[in-house]
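Asker: Sharing a structure below in structure tokens format, with a few things to ask.
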Amino acid sequence: MLMYLSIKVNGKDHKLKVSTTKRLLDLLREDLKLTGTKEGCGVGECGACTVIMDGKAVNSCMVLASQANGCEIITVEGLEENGELSRLQKNFLESGAVQCGFCTPGMLMSAKALLMKNPNPTVEEIKEAIAGNLCRCTGYKQIVEAIEKTAKEK
Amino acid sequence: MGVGKSVIRVDSVEKVTGRSKYVEDIYMSGMLHAYVFRSPVSHGVIKRLDVEKAKECEGIHGIFTWKDVPGKNIIHVIYDDQIFLAKDRVLYQGQPIAVIAAKTPEKAREAAKLIEIEIEKQTPLVDFEQSKGSDIKIYGDDNVFCSFKVKRGDIKEAIKNEDLIKVEDTYYTQHQEHAYLEPQGAIVYWENDTLTIRGSMQAPFYVQQALTEVLNMKKSRIRVIQQTTGGAFGGKEDVPNIVCAQAAICAYHLKVPVRMVYERDEDMMTMSKRHPGRTKISLYCDKNGFFKAIKGEYLENAGAFSTLTPAVLYRGTVHLTGPYNIDNVDVIGEAVATNTVPNGAYRGFGSPQVIFAMESIIDTMAKKLNMDPVRLREINLLKPGEKTCTGQIVDDSMGMQEVFKKCVKESDYFKRKEEIEKYNEENEFYKRGLGVSTLYYGVGLGAAGKHMSRCAAVVKIDGDGSMTVSVGITEMGQGLRTVAAQMTAEAFGVDEDLVVVSEIDTSRIMDTGPTVASRGTITAGWGIVQATGRIKKRIHKFLEKKYKERFEDVHYRDGKVYFGKNEMDFHELIDLCTSEKVRLHETALDMPPECTFDDNGQGEAYFVYAWAMNVVETKVNLLTGEVDIIKAHCCHDVGKAVNPREVKGQIMGGSLQGLGYGLMENMQLSSSGSLLTRNFSTYTIPTSCDYPEFIPLIVESEYSKGPYGAKGFAEQPLMGMAPALTNSIRDACDIHLKNIPATPERVYKLLMEEK
């Protein structure tokens, strides 16, 4: 079954005709060609597909596109500010929070969602906010530091 | 800029913006999706296979079985026992039988349900300790794939001495899943009558060789390009041969692009893992604690096919006795077949299993001698000029002693030991402990892989001074492209921004073997040093001719070039060389130092070694058996840290994988060999809430033959963490874990037995 939906992604309004069984992840990657959001497990366990939906970090593989009807989505492609890397992105580079990069988009979105809600998180709150985002390369410490640094700079 | 600086990774901007293209991000027009139909049983004989009805499904473009393989129906790795698409029998659950090419992955999965197959089930052989000589035959007459031995001194004579103190035990280790975040994948298409493969992989030349045999095509018609790769850790060394062959057989027949991306459960169920192992050790020392003799028996569970097992077993056998000075050694390693998923390369490559055993038994010996485990290690650690178990003198880049001193000092080991003792006296239900491990790692492929050991680089400088470098080494997240850019920039005293490290493409660079064995930095580096050196020599000659005088040296620094009394801007020099037709393009091919290994396992097993020590603190809850990892000092001699930030990244990331192996990663198989842990909910890996306070420590004892003194070490951080962890648990509450992982159930059971 097909349906019409309106969705705002990275500040841009879209009206799309999609299958009611389509996942938000596929809508972003296939219909909108926003391939920055990754699929690591497809069952909501790794966090690689994390995007921000109405201010909350969600696993986009676990959300149907139809559930996102009328919602505002932010993906990794929406993080840059005026064509420049945001502080969060810069701190990821400078802290060594990036290795293979596959978890990075999801990790950034969980971090951004946290900072939108809680601009001064404790280290424990940071760890908890990204606990659903698996990273097999870094050991996490550098990621937590990058988020901490971003919060302090504000 | 240059070597030794923590420059920002060259690939990180595209990674934080989502612009990197991994396999799943490539969409081509007319592209089909491949999906594999697999064996539902662990052991059986295929009586009938009929794909005709499935082929009729809407959206299905083709279904390919062994009958459709144009070349050999094998996936070449080392031995040729691995069948590409099963014909008569199946040896593990998930073994590939047919590949379906469909318009969407969903349609392929629907069609798979209509494939008709009759398999006569046979009893599977799952317990690897029962494999050798079992009536159930998987490989050859006795199910033994291979064996190695290391014999030094005279063990029989040595243990006759009745004054020697002996400890012996048997240790077991489990499967470990790589859990790279990007699942396996490849896209295959035709371009210029050449079959082009873009895949997530560590070893494009392996893939090219395997496809040459499967498709019966010339190598030059098979072009393999490594796509941005989302983690590998050994899991993308040889198995991309299988993945790429599956997508390739579809594209070969259908002449359209075919993409294949594994689902996570399929990936976990069918891709290689760390070999489970059993290690028996008898260690003998004198009353002062000096190790005098060691006997070791290492048994690896290889799974249904040999894949990389011979190479994995070689490393395990050679690393069993650790970085200690022991004159009498008798070690044998053996790998056997079972009806389980084939095991292969994983960071540490056969050594974490034996290091767990050795580092555990040293603590048993320390207890018996009433010595501190650190003191016992200290008096036995190799010193420069002493010999390893293969009789190899270690003197170049031998940082063991410095690593030991630094780690003990920085971790404040002895003072903390006292504090912990006090804490434990005061606390009834929580106990803390400190555990250590010391280890070494033979860098590179060693004697067992020397036929593949080459290094090469192509360096090209354009007229504007910018450079392109190609090496045969892949970037999978470890930072190779950054390190290669740094080493190239260093040669010309310029900024890394001028250097682009191109993607690996088998049509453009020579086969320099796989990106494994912590050989990336040294292999790429040797090629780069040689290629840039030749260009610099040519420029030197040109300048002498141009200026009509001899220059002792042409020196490159901070974007300037100095020769005699002259100084010139680097860009000006390149502009001049270009206009005067000096060739600024060089291809270098070189061989690393020779390795040897005789029938008794004696020789130069590896050309150089990395050295390490870990100190881990844990807190054990005596009421639940839960273990918290508090702090980890991880000290590594890396030769030269080309990029210290990335070195620390390898230390922390690798160490957490090792702690996961020791503490929680628990792959479960059913009694019939079916893998039960197929996703991250059941196979749990460390999260952001699990990592301890990491203190990564670097020692740089430069390797005289290495590029800028570098040698490589990236597997080592994983290798000694499990025993450091279990030794700290033992220190906390006096339980001896002979199996990992140290799950609460296991710890609690031992605590109850102790009572």
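The values are calculated or read from the model by the stated rules, or taken from the named source; none is laboratory data. Note that the coordinates shown come from a computational prediction; the quantities given were computed from them, not determined experimentally. Note that each Cβ is placed from the backbone with ideal geometry, even for glycine, and that neighbours are counted across all protein chains shown. Keep in mind that these areas ignore ligands, DNA and RNA; they rest on the heavy atoms of the full protein, side chains included. Shrake-Rupley method; radii C 1.70, N 1.55, O 1.52, S 1.80 Å.
Every residue, every condition in (1) open to solvent by 20 Å² or more (accessible area, probe 1.4 Å); (2) touching a Cys at 6+ places or on another chain (Cβ under 6 Å); (3) among the polar types (S, T, N, Q), yes or no:
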| site | (1), (2), (3) |
| --- | --- |
| B:SER670 | yes, no, yes |
| B:SER681 | yes, no, yes |
| B:PRO686 | no, no, no |
| B:ASP690 | yes, no, no |
| B:ALA710 | no, no, no |
| B:LEU725 | no, no, no |
| B:SER728 | no, no, yes |
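Asker: In the list A:CYS103, A:CYS61, which residue meets the criterion of being crowded, with 19+ Cβ neighbours inside 10 Å and either at the interface with another protein chain (Cβ under 7 Å from one of its Cβ atoms) or over 15 Å from the mean Cα position of the chain (by Cα) (or both)?
Answerer: Among A:CYS103, A:CYS61, only A:CYS103 is crowded, with 19+ Cβ neighbours inside 10 Å and either at the interface with another protein chain (Cβ under 7 Å from one of its Cβ atoms) or over 15 Å from the mean Cα position of the chain (by Cα) (or both).
Asker: Of all residues being part of a helix (DSSP H, G or I) and touching a Ser or Thr at 6+ places or on another chain (Cβ under 6 Å) in segment B:638-648, which is nearest to the other protein chains (Cβ to nearest Cβ)? Just the residue, please.
Answerer: Ranking the qualifying residues of segment B:638-648, first place goes to B:ARG645.
Asker: Do we have A:GLY36 as more than 8 Å from chain B (Cβ to nearest Cβ), part of a loop (DSSP other than H, G, I, E, B) and either buried (at least 22 other Cβ atoms within 10 Å of the Cβ) or modelled with pLDDT of 95 or more (or both) here?
Answerer: Considered against the rule, which asks whether it is more than 8 Å from chain B (Cβ to nearest Cβ), part of a loop (DSSP other than H, G, I, E, B) and either buried (at least 22 other Cβ atoms within 10 Å of the Cβ) or modelled with pLDDT of 95 or more (or both), A:GLY36 comes out as no.
Asker: Tell me whether segment A:114-128 contains one or more residues that are in contact (Cβ under 8 Å) with a residue 60 or more places away in the chain, more than 8 Å from chain B (Cβ to nearest Cβ), within 14 Å of the chain's Cα centre (by Cα) and within 18 Å of B:TYR22 (Cβ to Cβ).
Answerer: Checked against the condition, which is being in contact (Cβ under 8 Å) with a residue 60 or more places away in the chain, more than 8 Å from chain B (Cβ to nearest Cβ), within 14 Å of the chain's Cα centre (by Cα) and within 18 Å of B:TYR22 (Cβ to Cβ), segment A:114-128 yields no hits at all.
Asker: Tell me the residue from B:SER12, B:SER6, B:SER39 that is hydroxyl-bearing (Ser, Thr, Tyr), at negative phi, touching a residue at least 40 places away in the same chain (Cβ under 8 Å) and within 11 Å of another protein chain (Cβ to nearest Cβ), please.
Answerer: Exactly one of B:SER12, B:SER6, B:SER39 is hydroxyl-bearing (Ser, Thr, Tyr), at negative phi, touching a residue at least 40 places away in the same chain (Cβ under 8 Å) and within 11 Å of another protein chain (Cβ to nearest Cβ), namely B:SER6.
Asker: Between B:ILE509, B:ILE461, B:ILE473, which is in contact with a Leu (Cβ under 6 Å, 6 or more places away or on another chain) and under 15 Å from B:ASP590 (Cβ atoms)?
Answerer: After applying the criteria, what remains is B:ILE473.
Asker: I've got another one for you. Might you let me know whether segment A:68-87 holds any residue that is part of a strand (DSSP E or B), open to solvent by 30 Å² or more (accessible area, probe 1.4 Å), closer than 23 Å to B:LYS21 by Cβ and among the acidic types (Asp, Glu)?
Answerer: yes
Asker: While we're looking at this one, here's another question. Hey, can you tell me all the residues within segment B:161-199 that are more than 14 Å from every other protein chain (Cβ to nearest Cβ) and of a type in the set (D, E, K, R)?
Answerer: Residues satisfying the conditions are B:GLU162, B:ASP163, B:LYS166, B:GLU168, B:ASP169, B:GLU191, B:ASP193, B:ARG198.
Asker: Pull out all pairs, ordered by first then second residue, where Cβ-Cβ is under 6 Å, the residues are six or more apart or on different chains, the first lies in segment B:55-71 and is charged (D, E, K, R), and the second is at pLDDT 95 or above.
Answerer: B:LYS55/B:ILE63
Asker: Give the residues of segment B:367-389 that are touching a residue at least 24 places away in the same chain (Cβ under 8 Å) and more than 16 Å from B:TRP611 (Cβ to Cβ), sorted by residue number.
Answerer: Selection gives B:LYS368, B:LEU369, B:MET371, B:ASP372, B:PRO373, B:ARG375, B:LEU376, B:ILE379.
Asker: Enumerate the strands (runs of 3 or more DSSP E) found wholly within segment B:518-606, keeping only those where 2 or more residues are charged (D, E, K, R).
Answerer: It comes to B:566-569, B:585-590.
Asker: If you don't mind, there's one more thing I want to ask. Filter segment B:730-755 for residues that are charged (D, E, K, R) and touching a strand residue (DSSP E or B) at 6+ places or on another chain (Cβ under 8 Å); which is least open to solvent (accessible area, probe 1.4 Å)?
Answerer: Result: B:ARG730.
Asker: Separate question: Which count do you get for residues in segment B:592-648 that are within 20 Å of B:ILE522 (Cα to Cα), of a type in the set (Asp, Glu) and open to solvent by 30 Å² or more (accessible area, probe 1.4 Å)?
Answerer: Residues flagged as within 20 Å of B:ILE522 (Cα to Cα), of a type in the set (Asp, Glu) and open to solvent by 30 Å² or more (accessible area, probe 1.4 Å) within segment B:592-648 amount to 2.
Asker: Residues B:LYS21, B:LYS55: which one is open to solvent by 40 Å² or more (accessible area, probe 1.4 Å), over 30 Å from B:GLY673 (Cβ atoms) and within 14 Å of another protein chain (Cβ to nearest Cβ)?
Answerer: Checking each option against the conditions leaves just B:LYS21.
Asker: Go through segment B:649-668 residue by residue and tally those that are surrounded by fewer than 20 Cβ atoms within 10 Å (Cβ to Cβ) and within 14 Å of another protein chain (Cβ to nearest Cβ).
Answerer: 1
Asker: Being closer than 19 Å to A:LYS141 by Cα and out of contact with any helix residue (DSSP H, G or I) (no Cβ under 6 Å at 6 or more places or on another chain) is true for just one of B:ILE729, B:ILE685, B:ILE695. Which residue is that?
Answerer: It is B:ILE695.
Asker: Continuing with this model, one more query. When you check A:LEU93 against the structure, is it closer than 22 Å to A:GLY139 by Cα, surrounded by fewer than 21 Cβ atoms within 10 Å (Cβ to Cβ), within 7 Å of chain B (Cβ to nearest Cβ) and not small (Gly, Ala, Ser), yes or no?
Answerer: yes
Asker: Does segment A:138-152 contain at least one residue that is in a loop (DSSP other than H, G, I, E, B) and open to solvent by 10 Å² or more (accessible area, probe 1.4 Å)?
Answerer: The answer is no; no qualifying residue exists.
Asker: Would you pick out the residues in segment B:171-197 that are crowded, with 20+ Cβ neighbours inside 10 Å and charged (D, E, K, R)?
Answerer: Matches in segment B:171-197: B:GLU177, B:GLU182.
Asker: Do we have B:GLU702 as modelled with pLDDT under 95, more than 21 Å from A:LYS127 (Cβ to Cβ) and either basic (Lys, Arg) or open to solvent by 30 Å² or more (accessible area, probe 1.4 Å) (or both) here?
Answerer: No: the conditions fail for B:GLU702.
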